[in-house]
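Here's the structure, in structure tokens; my notes come after.
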Amino acid sequence: MKKYSLETVVGIFVVVGLLCMAYMTIKLGKVSLFGDDYYSLYARFGSASGLRVGNAVEMGGIEVGRVERLNIDQEKQMAVVELKIRKGIKVYDDASASIKTSGLIGDKFVKVDPGGGGDILKTGGMITETTSPIDIEELISKYAFGDVKKGDKQETR
């Protein structure tokens, strides 16, 4: 009798442990099982340099979603970014999106200004006002070599 009660306690402990592990896997992996709490919006950028799937989408400094997919619009030769925004967050058709860097050399994220003067964007809507990220290398090279012009050579004797 005592043998069966010990096995039962161990079995319950193992099942509870597996349930806890499954819960943590779902939460840490940001996986949704029983319905989608997000809706998709799209933004078209001239360049999505440095942006990766899974990067944050922020509104007012608060994370409201994630970058779901990066694609190319072959017709317009632009990067199309699919954004997953939490349900309940309203984004209007006059919204703007820009790709920013968190910190000096940090990860990229999409900053969304929700607008407010038009209709609410529905699932699959397009944010038309966008700003591409600043190319730091180009900025540094312009700063370093921007004042040097051909023909303006100065001789030092």
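The values are calculated or read from the model by the stated rules, or taken from the named source; none is laboratory data. These numbers were taken from a predicted model, which means no experiment stands behind them. Quick reminder, even Gly has a Cβ in these numbers, built from the backbone with ideal geometry, and neighbours come from all protein chains shown. Side chains are part of the model used for accessible areas, which takes the heavy atoms of the whole protein and leaves out ligands, DNA and RNA. Shrake-Rupley method; radii C 1.70, N 1.55, O 1.52, S 1.80 Å.
General remarks:
- For the pair residue 47 and residue 141, the difference between a 0.36 nm per residue extended length and the Cα-Cα distance amounts to 32.0 nm.
- Which labelled figure in [x] 48, 25, 12; [y] 44, 21, 13; [z] 23, 19, 13 is semi-axes √(5λ) of the Cα gyration tensor in Å, once derived from the coordinates: [x]
- Cβ-Cβ FRET estimate between residue 58 and residue 13, R0 fixed at 30 Å, reported to 0.05: 0.10
- Judged by the gyration tensor of its Cα atoms, with axes a ≥ b ≥ c, region 43-135 is oblate; a/c meets the 1.5 cut and b/c is at least as large as a/b.
- FRET efficiency estimate (nearest 0.05) - Cβ-Cβ, residue 72 to residue 122, R0 30 angstrom: 0.80
- Members of 27/122; 84/108; 100/142 lying beyond 25 Å, as alpha-carbon distances in this model show: 27/122
- Accessible area of the chain belonging to carbon and sulfur atoms, whole % at 1.4 Å probe: 58
- Residue-count net charge about residue 110 - beta-carbon cut-off 10 Å; Lys, Arg +1, Asp, Glu -1: +3
- Prolate/oblate/rounded call for region 64-109, Cα gyration tensor, a/c under 1.5 rounded: oblate
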